[in-house]
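Structure, as C-alpha cells:
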Amino acid sequence: MKKKILLIGGAGFIGYHLAKKLSEKYSVEIFDNFSRATNDDSIKKLRNIEIKKLDLNKIKKFKLKIYSHIFYLAATVGVKNVIKDPFYTFQNKIKTFLNVVNSIRKYKK
C-alpha cells in the first residue's frame with residue numbers, strides 16, 4: 001500500500017511541483033482554499049492526487065486520515081496582500097496552523 005501524504009496549501013507553485021514529484025511514488029492529498037491558486041488542468045492531470053477545497057482558517061477541527069507525512073505550505077500570497085494587511089497575514093498563518101495541529105494531535109505518530 002502506498003504511503004499517503006498531505007499537502008496543506010498544496011495548489012500553489014511550490015505545492016504543485018512537490019505534489020507532482022511525490023505523486024510518482026505516493027498517494028497525495030491536497031487541501032487548499034484556492035484563494036489565489038487555481039484548480040487548473042495541470043494539477044488535475046497528476047496521478048495519485050486527491051484535491052479538497054477547504055479553508056482551514058474557518059474550520060476549527062476536521063477529521064484527518066492517517067498520513068505518513070504532512071507538508072504545511074499554506075500562506076497568504078502576494079507581496080501586495082502582505083503589505084496591505086500584515087496583521088491578517090500573520091493571524092491567518094497562525095490560526096490555520098493551530099487548526100491543523102489541533103486536528104492531528106490525537107494521532108500518536
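Computed values, structure above
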item	result
Every residue from segment 77-103 that is in contact with a Phe, Trp or Tyr (Cβ under 7 Å, 6 or more places away or on another chain) and among the hydroxyl-bearing types (Ser, Thr, Tyr)	Ser103
Inter-residue pairs, beta-carbon under 6 Å, first surrounded by fewer than 13 Cβ atoms within 10 Å (Cβ to Cβ) and in segment 62-87, second in a loop (DSSP other than H, G, I, E, B), 6+ apart	Ser68/Lys3
Selection within segment 1-14 - at pLDDT 90 or above and open to solvent by less than 30 Å² (accessible area, probe 1.4 Å)	Ile5, Leu6, Leu7, Ile8
Yes/no for Lys65 being over 17 Å from the mean Cα position of the chain (by Cα), modelled with pLDDT under 85, under 21 Å from Glu29 (Cβ atoms) and not acidic (Asp, Glu)	no
Residue selected from segment 16-34 under the condition in contact with a helix residue (DSSP H, G or I) (Cβ under 9 Å, 6 or more places away or on another chain) and over 20 Å from Ile59 (Cα atoms), by the criterion modelled with the lowest pLDDT	Tyr16
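The values are calculated or read from the model by the stated rules, or taken from the named source; none is laboratory data. Since this is a predicted model, take the numbers as computed values, not measurements. Methodologically, a virtual Cβ is constructed for each residue, glycine included, from the backbone with ideal geometry; neighbour enumeration extends over all protein chains shown. The accessibility values were calculated without ligands, DNA or RNA, using every heavy atom of the protein model including side chains. Shrake-Rupley method; radii C 1.70, N 1.55, O 1.52, S 1.80 Å.
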